[in-house]
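What follows is a set of notes on a single structure, which appears directly below.
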Amino acid sequence: MKFETKCLHSGYAPKNGEPRVVPIVQSTTYRFDSCDHVADLFDKPTEYIYSRFANPTCDAVEKKLADMEGGVGAMLTSSGQAASLLSILNLCSAGDSFIASASIYGGTINLFGFTLKKLGIECIWVDVDASYDEILKSFKPNTKAVFGETIANPALTVFDIEKWAKAAHEKHVPLIVDNTFATPYLCRPFEFGADIVVHSTTKYLDGHAVQGGGAIVDSGNFDWVAANKATGYFEDLVKPDPSYHGLEYVKEFGKAAYIIKARTQLMRDFGCYPAAHSAFLLNMGIETLPIRMERYCKNALQVAEFFQRHDKIAKVRYPMLGGDKYYENAKKYLPLGASGVITVSIKGGRKAAMRFMDSLKLASDEVHVADIRTCVLHPASATHRQLTDEQLVAAGIDGGMVRFSCGLENVDDIICDIKQALEKV
């Protein structure tokens, strides 16, 4: 199936007389006919056991997301942060390290740089534009993964997936890519060498601001056995798991070992699984994803060009603008567009930026992005408030920066709102 068709039909195929729309299975439990059946599932989980692990509604959406990204399996989580957390914990434990691009989302910077540090896992920050050799030099003997963001929030850097994947694979570790802003409609990182993809499904995949969620998708391409032989890493994937009756993930599940381990080991213990109703709402958003993404990108380019011409704007960042630092990367990785998010720096700094935002009438000032409605945020005082000045610079943020998320309104109305707000600055 083509991508647009997958968004409508993948993951769920109703039989004769069954519901056309993915049904909400609002149940935490499943009935079995024998104790032996239940015992077998705790040796090798191949069916629904309990809704902290899996649920039929969620399962349909997971299968759809895996198909959309081109992976072998997916697991929904209760938030994008949970997805990022579990993607790392599935590979690293106390005493390990991993590498991350310095321009990723501020909440993820906090998670990686502070919370994981408390758990004994070190994040090694590397400039998103680092050369191949610089990336290789940042590895330590205990480095077990590399993490980047397709389109960084809000820096709008475009991650050179192929370069970073090559470096990760040179060191026998997987590359994890946060594909939230791009969605699989604009970019499928597995096609460029990434091994694992994470999403905040709260954003474009949902699109309507009605559910919070995340997802991890496994490409099935990383050779855990070969990496273990080369480095001694990833024994949790190739050796018996004492916490799950000696289950050997690669032996039992082959290419899907990573995502099965994430579910049976980490989801079991952390319990950050979404409700069936949340997955139902997410699925409704995914069904219109291609149509929405096309409109987001079209609106954003026109709005970015307007900002670029305005004398009260110090700087505009949008990868599809000719002359943008990441224009070439965008053409390579994002040929259909670079999402609906623009960042602009208002002349006059923080006070001017806040004056502009407070003067908007159509666009909403809200702690959200990638909605069907246009919304704005001041990153330095909101989502990235916890970062140091040095971290803000590394993330590409200044006091005058506004994250402008174009919605699906008529673009003339969006621009009209911007005009009247800038007149008040």
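The values are calculated or read from the model by the stated rules, or taken from the named source; none is laboratory data. Because the structure is a prediction, the values reported are computed rather than measured. Heads up, the Cβs are rebuilt from the backbone with ideal geometry, glycines too, and the neighbour counts pull from every protein chain shown. Please note that ligands, DNA and RNA were not included when accessible areas were found on the heavy atoms of the full protein model with its side chains. Shrake-Rupley method; radii C 1.70, N 1.55, O 1.52, S 1.80 Å.
Of the residues Asp236, Asp218, the single one that is touching a strand residue (DSSP E or B) at 6+ places or on another chain (Cβ under 8 Å) and either at negative phi or in contact (Cβ under 8 Å) with a residue 60 or more places away in the chain (or both) is Asp218.
Restricting attention to region 222-233, the residues being touching a residue at least 24 places away in the same chain (Cβ under 8 Å) and surrounded by fewer than 18 Cβ atoms within 10 Å (Cβ to Cβ) number 4. Only a single item in (1) assigned to a strand (DSSP E or B); (2) aromatic (Phe, Trp, Tyr); (3) under 30 Å from His277 (Cβ atoms) is not met by Phe181, and it is number (1). Within region 181-197, being touching a residue at least 60 places away in the same chain (Cβ under 8 Å), of a type outside the set (A, V, I, L, M, F, W, C) and open to solvent by 10 Å² or more (accessible area, probe 1.4 Å) holds for Tyr185, Arg188, Glu191. Among residues of region 406-422 being out of contact with any Gly (no Cβ under 6 Å at 6 or more places or on another chain) and under 14 Å from Cys297 (Cβ atoms), the one that is most open to solvent (accessible area, probe 1.4 Å) is Leu408.
Scanning region 356-366 for residues that are farther than 15 Å from Glu409 by Cβ, touching a Cys at 6+ places or on another chain (Cβ under 9 Å) and either aliphatic (A, V, I, L, M) or assigned to a helix (DSSP H, G or I) (or both) yields a count of 0.
Please go through region 21-46 and give me each residue that is open to solvent by 70 Å² or more (accessible area, probe 1.4 Å), within 19 Å of Gly11 (Cα to Cα) and modelled with pLDDT of 90 or more, ordered by number. Those that are open to solvent by 70 Å² or more (accessible area, probe 1.4 Å), within 19 Å of Gly11 (Cα to Cα) and modelled with pLDDT of 90 or more: Val21, Gln26.
Within region 97-135, the residues that satisfy the criterion of being part of a loop (DSSP other than H, G, I, E, B), in contact (Cβ under 8 Å) with a residue 12 or more places away in the chain and either open to solvent by less than 10 Å² (accessible area, probe 1.4 Å) or farther than 26 Å from Gly73 by Cα (or both) are Ala102, Ser103, Ile104, Leu119, Gly120, Ile121, Asp127, Val128, Asp129.
For residues that are in a helix (DSSP H, G or I) and touching a strand residue (DSSP E or B) at 6+ places or on another chain (Cβ under 6 Å), scanning just region 136-169, find the one that is surrounded by the fewest Cβ atoms within 10 Å (Cβ to Cβ). Spell out the reasoning first.
First, pick out the residues of region 136-169 that are in a helix (DSSP H, G or I): 136-137, 161-169.
Then drop every residue that is not touching a strand residue (DSSP E or B) at 6+ places or on another chain (Cβ under 6 Å), which leaves 164-165, 168.
On the way: Trp164: 25, Ala165: 21, Ala168: 26.
It comes out as Ala165.
Among the residues of region 84-96, those that are open to solvent by less than 20 Å² (accessible area, probe 1.4 Å) and either of a type in the set (A, V, I, L, M, F, W, C) or more than 14 Å from the chain's Cα centre (by Cα) (or both) comprise Leu86, Ile88, Asn90, Leu91, Cys92, Asp96. Restricting attention to region 320-355, the residues that are out of contact with any strand residue (DSSP E or B) (no Cβ under 8 Å at 6 or more places or on another chain) and β-branched (Val, Ile, Thr) total 0.
If the condition is being among the hydroxyl-bearing types (Ser, Thr, Tyr) and either modelled with pLDDT under 95 or on the phi > 0 side of the Ramachandran plot (or both), then region 365-407 contributes Ser381, Thr383, Thr388.
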